[in-house]
Amino acid sequence: MSSDVLDTIVGSRDSQADPAAAATHFENGLQAIEDNDRARAIEELRAACRNDEKPEYLFKLAYVLDLVGEEDEAVALYEQLCMNERPHINALLNLAVICEDRGDINGAEKCLRQILDTDPNHPRARLFMKDVEASRDMFYDEEHARDQAKRNA
């Protein structure tokens, strides 16, 4: 049994790779994004990924899935992109943002450190790292918030 994320996400990889068809589907997907037709974009990008697993195809699919709320599927694709020898920088950034939103501060920090280890001056990674560090120090007092809400009422 294959452990590839795409087997469960975009279908079986048993079919032959077809880079020309993948490029056509990818272009159709980009056009669908421009037309603001996200459902068709996802369909076309999935077809592109079935035919060729280029990182740019996987990234664009993950990005559009994230936009429509299919976060789990997007995370799986971002993680697959991050397992490469040279991870996709934007995949690491997007994964860090999702991890922070989910409360996984350690996961977010790991992604950002991976970027900053190779490019210490990456502006977005540095900015997000400040947010992650601030999130680590945040404290939410539910009792205080409940008392405040009662007083305001």
remark   = Full extension between Glu71 and Arg38 adds, at 0.36 nm per residue less the Cα distance, a length in nm of 10.4 nm
ask   = Using a 1.4 angstrom probe with every protein chain in place, what is the largest-first accessible-area order of Met83, Met129?
value = Met83, Met129
query = Mind listing the phi-derived Karplus ³J(HN,Hα) values for the stretch 109-124, rounded to whole Hz, using 6.51, -1.76 and 1.60 with θ = phi - 60°, and x for any glycine or proline?
reply = 5, 4, 4, 5, 5, 4, 6, 5, 5, 9, 9, x, 9, 4, x, 5
task = Hey, can you find the accessible area per residue of the stretch 82-153 for me, probe 1.4 Å, expressed in square angstrom?
result = 73
query = Cross-link partners among aspartates and glutamates for Lys54, C-alpha distance below 18 Å, same-chain residues fewer than 8 apart left out?
reply = Asp4, Asp7, Asp14, Asp18, Glu27, Glu43, Glu44, Glu73, Glu79, Glu85
inquiry  = Given Cβ point charges of +1 (Lys, Arg) and -1 (Asp, Glu) and nothing else, what value in debye, to the nearest 20, does the dipole of the stretch 24-78 about its Cα centre take?
reply    = 120
remark   = With a 1.4 angstrom probe the carbon and sulfur portion of accessible area for the stretch 40-141, in percent, totals 47
message = Can you compute the modelled spin-label distance between Ala23 and Arg113, with each label point 7 Å from Cα toward Cβ, in nm?
response = 4.1
key: Percentage relative contact order, the stretch 82-153, counting C-alpha pairs under 8 Å, at least six apart   = 22
key: R0 of 35 Å, Cβ-Cβ distance Ala153-Arg124: FRET efficiency to nearest 0.05   = 0.30
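The values are calculated or read from the model by the stated rules, or taken from the named source; none is laboratory data. Here the structure is a predicted model, which means the values were calculated and not measured. Positions of Cβ are generated from backbone atoms using ideal geometry, with glycine treated the same way; all protein chains shown enter the neighbour counts. Note: areas computed on protein heavy atoms with side chains; ligands, DNA, RNA excluded. Shrake-Rupley method; radii C 1.70, N 1.55, O 1.52, S 1.80 Å.
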